[in-house]
Structures are given as C-alpha cells and as structure tokens.
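K.L.:
Provided herewith is a single structure, encoded as structure tokens, for subsequent inquiry.
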Amino acid sequence: MNKNIMPYLVKNRIQRSMSLGTVESNATGFLKINVYRHVERTPVANAFVLVSKLVILGYYKESGSGYYLATDTSDENGSVPAFELPVLTGENEMYNVAVQAEGFCPAYIQNAPIYPGITTTYNVYLREIGTSAGEPNYYFILQPEIPGRDRTIIP
C-alpha cells in the first residue's frame, strides 16, 4: 500500500493477488498424507491428493484466491510421498488438501500447518460412497486455530 494514501481511500480498491506480495519464508516443512479405508483401516491405493494454497483477500476477508501447488497418488500401502512446502508467514494464508479415490467420498483437510524442518502427517480415513439417502457426500478435517500460535518466522 502506498504510504502517502490514507487507508480509508484505498480499502475498496481492487488489487490483483500477485500485487499483494504474499511473503513466503525461505524455511520449508513437509506434509505427509496416508490414505486408509474408514472401517477396515486398510490402505487405499491410487488415491489422488491435491495440495493447494488459499490466500484470503478483502477488507472483510470476503474473498480469496486459490493456487494448486502439487499433486500425487498413494501407493499400495496408502502412502503419498511427502510434499515439501514453504512455511506460510501470513495470517491470511493456508494450505488445503483434497483426497479422492474411486468408490470413496472425498475428504478435505483445511488449514494444514507447516512448520520449519518438521513433517506434519495426516492419516486420512476415506468412507465408501453410501447408497442410503442422507449420508454425507464428503468429509472435512479442520485444523483448529490455536490461540497464541504465531506463524511468523523470526530471522
């Protein structure tokens, strides 16, 4: 933002997401996903995993832009190779993960944390697609915001 312009004059100005200059740390961490069947607890092979970054925008955080970062599939053990990701430094940024496999309801992980030099692991248990009315069509894993958790990197 231009320091010569008062904030109230530019709050409604539309800016391209790239011009906002999200700051990514030089530090990286890892995200590991394992995929299993919900009831049997057996591995799901060939599950498709998509990692994306969401940047929340707007004066009231009313909009956002999503960026697909990486994809991979699970092996016969349900294991997906670890994704190396930059540690996010902005409070308006988050990593989201989508996990899909044929015959199963998709699962979504929102706000997956990445810490410097640490591997964050999620075991995702997919439910088979139900034929009964009223059964959910997808599932969420929500990473709660931890009060006092500071996502900034101090050099």
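The values are calculated or read from the model by the stated rules, or taken from the named source; none is laboratory data. Quantities reported herein were computed from a predicted structural model and do not represent experimental measurements. Glycine also receives a Cβ, built like all others from the backbone with ideal geometry; neighbour counts cover every protein chain displayed.
K.L.:
Here is a check on your reading of the model: is L126 on the phi < 0 side of the Ramachandran plot, in contact with a Cys (Cβ under 8 Å, 6 or more places away or on another chain), touching a residue at least 12 places away in the same chain (Cβ under 8 Å) and not hydroxyl-bearing (S, T, Y)?
P.N.:
Considered against the rule, which asks whether it is on the phi < 0 side of the Ramachandran plot, in contact with a Cys (Cβ under 8 Å, 6 or more places away or on another chain), touching a residue at least 12 places away in the same chain (Cβ under 8 Å) and not hydroxyl-bearing (S, T, Y), L126 comes out as yes.
K.L.:
If G134 meets every condition in (1) touching a residue at least 12 places away in the same chain (Cβ under 8 Å); (2) surrounded by fewer than 18 Cβ atoms within 10 Å (Cβ to Cβ); (3) among the small types (G, A, S) apart from one, which number is that one?
P.N.:
Single failed check for G134: (1).
K.L.:
Another question, if that's okay. Any chance the stretch 79-94 includes a residue that's over 17 Å from the mean Cα position of the chain (by Cα), modelled with pLDDT of 95 or more and either basic (K, R) or at negative phi (or both)?
P.N.:
Within the stretch 79-94 (the criterion being over 17 Å from the mean Cα position of the chain (by Cα), modelled with pLDDT of 95 or more and either basic (K, R) or at negative phi (or both)), the answer is yes, since at least one residue qualifies.
K.L.:
Would you check which residues across the stretch 88-104 are crowded, with 22+ Cβ neighbours inside 10 Å and touching a Lys or Arg at 6+ places or on another chain (Cβ under 9 Å) and list them?
P.N.:
L88, Y95
K.L.:
Okay, next question. Which of the residues spanning the stretch 44-72 are surrounded by 14 or more Cβ atoms within 10 Å (Cβ to Cβ) and of a type in the set (S, T, Y)?
P.N.:
S52, S65
K.L.:
Could you check, for the stretch 46-67, whether at least one of its residues is in contact with a Ser or Thr (Cβ under 6 Å, 6 or more places away or on another chain), at pLDDT 95 or above and not in a strand (DSSP E or B)?
P.N.:
yes
K.L.:
Same structure again: Here is a check on your reading of the model: is E76 assigned to a loop (DSSP other than H, G, I, E, B) and at pLDDT below 90?
P.N.:
Criteria not met by E76.
K.L.:
OK, next. Just give me the residues in the stretch 73-106 being under 15 Å from T121 (Cα atoms) and acidic (D, E), in sequence order.
P.N.:
E84
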